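Participant: Take a look at this one; I'll ask things after.
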Amino acid sequence: RVGEVTVSDADADLLRSGLGIQPGEFAVLLIGKDGGVKARHESVPALSELFTLVDGMPMRRSEMRASPSVCSD
């Protein structure tokens, strides 16, 4: 699924192939806005690790500077 749209089997196969994921393989990919794979995990990563990766990306850093969290120290 992508949002509320169910992806066809053919499209899912095309996505997996393009991302180098073999049939039956489990993978968690962090894909940047540019479409590039920024991180790849063969098992479920800790959410804190994913948040750290995302927070280190240039676009996210810009967002954080522009709108500081109310929880900031």
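Participant: Let me have the 222 nm mean residue ellipticity of the chain computed from DSSP H runs of 4+ only, each contributing -39500 (n - 2.57), with the sum over all residues rounded to the nearest 500. Kindly include the intermediate steps, with their values, before the conclusion.
Facilitator: Numbers: 3 runs with 28 residues, N = 73.
When only DSSP H runs of four or more count, the value is -11000 deg cm²/dmol.
Participant: Can you give the relative contact order of the chain as a percent, counting alpha carbon pairs under 8 Å and 6+ residues apart?
Facilitator: After rounding, I find 15 percent.
Participant: Based on the mean of other Cβ atoms within 10 Å per residue, sort peptides 3-9, 50-56, 32-38 so the most packed one is first.
Facilitator: The packing order, highest mean first, is 50-56, 32-38, 3-9.
Participant: Calculate the FRET efficiency for Gln22 and Ser48 from the Cβ-Cβ distance with a Förster distance of 22 Å, rounded to the nearest 0.05. Walk me through the intermediate numbers first.
Facilitator: Numbers: r = 28 Å, r/R0 = 1.27.
The calculated FRET efficiency here is 0.20.
Participant: Residues with beta-carbon under 15 Å from that of Lys38, excluding Lys38: net charge, scoring Lys, Arg +1 and Asp, Glu -1?
Facilitator: Counting the neighbours of Lys38, the net charge comes to +1.
Participant: Ok, one more. Just the number, please: Stokes-Einstein D of the chain in µm²/s, Kirkwood Rh from C-alpha pairs, 37 °C, 0.692 mPa s.
Facilitator: It comes out at roughly 225 µm²/s.
Taken together, the values in this text are just the output of simple stated rules run on the coordinates, not laboratory data. Bear in mind that the values here come from a model prediction, so they are computed numbers and not experimental data. Neighbour counts are summed over all protein chains in view; Cβ atoms, including those assigned to glycine, are modelled from backbone coordinates with ideal geometry.
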